[in-house]
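Everything on this sheet refers to the single structure shown next.
Coordinate-derived values only; no laboratory data. Quick caveat: nothing in here was measured; it's all calculated off a predicted structure. Quick reminder, even Gly has a Cβ in these numbers, built from the backbone with ideal geometry, and neighbours come from all protein chains shown.
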Amino acid sequence: MFLQHMLAVTRDEGMIATVLPHGVLFRGGEERGIRAGIIENDLLEAVIGLPANLFYGTGIPACILILRQQKQEGANRVSAKPAERQGKVLFINADREYFEGRAQNYLLPEHIEKITTAFDEFRRIERLSDVLDIATLRDNGYNLNIRRYVDNAPPPEPHDVRAHLFGGVPKAEIEAKAPLFAAHGLDPHDLFVARDAKYFDFGGELTRRADLKPAIEGNAGLQTKEAALRQAFESWWHEHSPRITTLAGKLDNSVALVELRGELLASFSQTLEGIGLLDPFQVRGIVAGFWYQSKYDFLGLMARGSRGVIDAWRTSIITALEDKASKQSPLEHKLVKFLLGDFVARLAELEAKMAELDSQLKAAAPAKGEGADEADWMHYPQWKRIALKGWYRRACRGL
């Protein structure tokens, strides 16, 4: 009913994006007839499946329907979709694109970028999206169940019973991961030695699980690949970062902001995708996340210039120090990390050591009722907070 009302009040060639429960995609009866009419009139452009537990107050998954109202052409009403999308519906299965929170799930900027990219490109992407024509949907009884058309379930984990019993790594499993090894510049023969025609063993120096991580991180091929990635990023940043400073003084010029985002996204993707270490969606997600975290800084730069941005950072740090109820740590601020990076790292080491010593002291203390004073242990972290608060306040005012 809500969707029909939206269609009734939408102007010609207007677009609709609405969130609905999945039931509208496959329920029978009169709802099937409504779906048939929407599909046959070529109003439906995309069906996007979202993760479960995304909305406050309900754990059920939802979907987004994208529709485009028809337009009048002579005596007839015809589809207003772009020519290449007419007679087709895009299905995007994004129910695995989320960040798991304590109470609910969240869509991060990189997840949103992945979904919007799939919609903009309107094409089949393995395990994410597919495009179907109206005839196919008609043959399926106008059932729009997303998983019927785009199954993103992970492949079953391979199990080699012989390897479980007698050890060894099946060569077939390593060959299946060859693209992943190649993307990281890692030669499997640097880690494995042949046992026989079907199995590998780990190299002689890899005798414990703890040996594996340093062996991979110290691999020459992997380091070369990561160095190429860092060099490509540095070149990109050196070339395009000056464009950020040009925002200064462009007050209320939203066009410049949108253009800058598009430029950074396109150039970053073009530069880093060729390295092959990250897939295209990961690359675009990096810029999307950076933009989301920095958008208020960009707006401040447009309104008040670079000095205004620095003043805002300084105010945020001091506020976090003085507000006892704030959950924001001043140590996490980008300016503190930039100016006091070594100090922050050293402080983290000391805090870890303090926690270790504190646990040892508590373990050695007498049990409650045998002379132990629990209040003595509670004051120790407070001394650190009081001392740091005064020190940071003086340091920040000195900035």
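Per residue, the convex hull spanned by the Cα atoms of the stretch 222-320 measures out at 115 cubic angstrom. Under a 5 Å amide H cut-off, with hydrogens placed 1.01 Å from N, Phe192 pairs with Gly203 among residues at least 5 apart or on other chains. In percent, rounded to a whole number, the relative contact order of the stretch 161-207 is 39, using alpha-carbon pairs under 8 Å and six or more apart. Applying the criteria of a DSSP loop state and at most 12 other Cβ atoms within 10 Å to the trypsin sites (Lys or Arg not before Pro) of the stretch 201-240 yields Arg208. Put one equal scatterer on each alpha carbon of the stretch 44-110, apply the Debye formula with no solvent term, and list log10 I(q)/I(0) at q = 0.13, 0.22, 0.25, 0.26 1/Å to two decimals. Taking Cα atoms of the stretch 44-110 as identical point scatterers yields -0.52, -0.89, -1.03, -1.08. Divide the volume of the convex hull around the Cα atoms of the stretch 2-149 by the residue count and you get 121 Å³ per residue. Counting other C-beta atoms within 10 Å, and keeping those with at most 12, which DSSP coil trypsin sites (Lys or Arg not before Pro) do you find in the stretch 239-340? Answer in residue order: Lys324, Lys327. Between Ala62 and Leu50, the built amide H atoms are under 5 Å apart, and every one of these is 5 or more places off in sequence or on another chain. For the stretch 1-79, which chymotrypsin sites (Phe, Trp or Tyr not before Pro) pass both filters: DSSP loop (anything but H, G, I, E, B) and at most 15 other C-beta atoms within 10 Å? Qualifying residues, ordered by number: Phe55, Tyr56.
Derived scalar couplings between HN and Hα for the stretch 198-211 equal 10, 9, 10, 10, 5, x, x, 7, 9, 9, 10, 4, 5, 6 Hz in order, rounded to whole Hz, by the Karplus curve 6.51 cos²θ - 1.76 cosθ + 1.60 (θ = phi - 60°), x for Gly and Pro. As an equivalent ellipsoid, the chain spans semi-axes of 46, 35, 26 angstrom, where each value is the square root of five times an eigenvalue of the C-alpha gyration tensor, largest first. Under the Kirkwood approximation applied to all pairs of distinct alpha-carbon atoms, what is the hydrodynamic radius of the stretch 57-216 in Å? One over the average 1/r among Cα pairs gives 20.6 Å for the stretch 57-216.
Taking label positions 7 Å along the Cα-Cβ direction at both Arg85 and Ile318, the computed distance is 5.0 nm, reported to one decimal. Residue by residue, the stretch 90-106 carries 3J(HN,Hα) couplings of 8, 10, 10, 9, 10, 6, 9, 9, 7, 10, 7, x, 5, 9, 7, 8, 9 Hz when phi is fed to the Karplus relation 6.51 cos²θ - 1.76 cosθ + 1.60 (θ = phi - 60°); x denotes Gly or Pro. List the longest stretch of the chain that has no exposed loop site; here a site is one of the GluC sites (Glu not before Pro) assigned by DSSP to anything other than H, G, I, E or B, with at most 11 other Cβ within 10 Å. Between exposed loop sites, the widest span is 206-369.
Couplings for the stretch 323-329, taken from phi via the Karplus curve 6.51 cos²θ - 1.76 cosθ + 1.60 with θ = phi - 60°, read 8, 5, 8, 6, 8, 7, 8 Hz in order; Gly and Pro are left as x.
Mean separation of Cα pairs under 8 Å and 6 or more residues apart, divided by the residue count, gives the stretch 2-149 a relative contact order of 26 percent.
Total lysine pairs in the stretch 57-202 at Cα distances under 23 Å, for residues eight or more apart or on different chains: 6. The Glu205 and Phe343 beta-carbon pair, evaluated with R₀ = 35 Å, returns a calculated FRET efficiency of approximately 0.40.
Exceedance of the 21 Å cut-off in Cα-Cα distance is limited, within the set Lys250/Lys295; Lys213/Lys353; Lys295/Lys337, to Lys213/Lys353. Under Stokes-Einstein, with the Kirkwood radius over Cα pairs as Rh, the value for the stretch 161-207 at 20 °C and 1.002 mPa s is 191 µm²/s.
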